[in-house]
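Only one structure is covered here, and it is reproduced in the block below.
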Amino acid sequence: MEIKHEDYGNKGRFYYELNGKEKGLMTYSHAGADKIIIDHTEVDPSLKGQGIGYMLVEASVDYARANSIKILPLCPFAAAVFKKRTKYNDVLF
């Protein structure tokens, strides 16, 4: 499963497509040059339990590490993932 990423300068998104249709989405906003704020995560109900939401969060963590930025997870789902996975603490703001 491939998570795709688009950055529009002040906002961006990580997403998952299946058969050409978007089935998972996580959006963020830039807060300065060194921080992003995850504000929304959603996954199509047909993919429930397949870990797509976790994969979206992990893609954001990989992005943050590669770009030396921090993440503020305001989205309740992303915040819960960060609480469960302490291995992401290095990018947590």
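The values are calculated or read from the model by the stated rules, or taken from the named source; none is laboratory data. All values derive from a computational prediction rather than experimental measurement. Note that we place each Cβ from the backbone using ideal geometry, even for glycine, and neighbour counts take in every protein chain shown.
Some points to look at:
- Qualifying residue in the range 33-43 (condition: in a helix (DSSP H, G or I) and among the polar types (S, T, N, Q)): no
- The number of residues in the range 44-82 that are part of a helix (DSSP H, G or I) and surrounded by 11 or more Cβ atoms within 10 Å (Cβ to Cβ) comes to 22.
- Members of the range 11-45 found to be modelled with pLDDT of 95 or more and polar (S, T, N, Q), listed by number: 27, 29, 41
- Filtered residue count, the range 25-43, keeping only those that are farther than 18 Å from residue 82 by Cα and surrounded by 16 or more Cβ atoms within 10 Å (Cβ to Cβ): 1
- Failed criterion for residue 63 (all others in (1) hydroxyl-bearing (Ser, Thr, Tyr); (2) farther than 15 Å from residue 12 by Cα; (3) under 14 Å from the mean Cα position of the chain (by Cα) hold): (2)
- Close contacts from the range 80-93, counting a first residue that is without any contact (Cβ under 8 Å) to a residue 40 or more places away in the chain and a second that is surrounded by 11 or more Cβ atoms within 10 Å (Cβ to Cβ) and outside any helix (DSSP H, G or I), with Cβ to Cβ under 6 Å and a gap of 6+ residues or different chains, come to 82/73; 82/92; 91/70; 91/71.
- Filter pass, residue 25 being closer than 16 Å to residue 12 by Cβ and not in a strand (DSSP E or B): no
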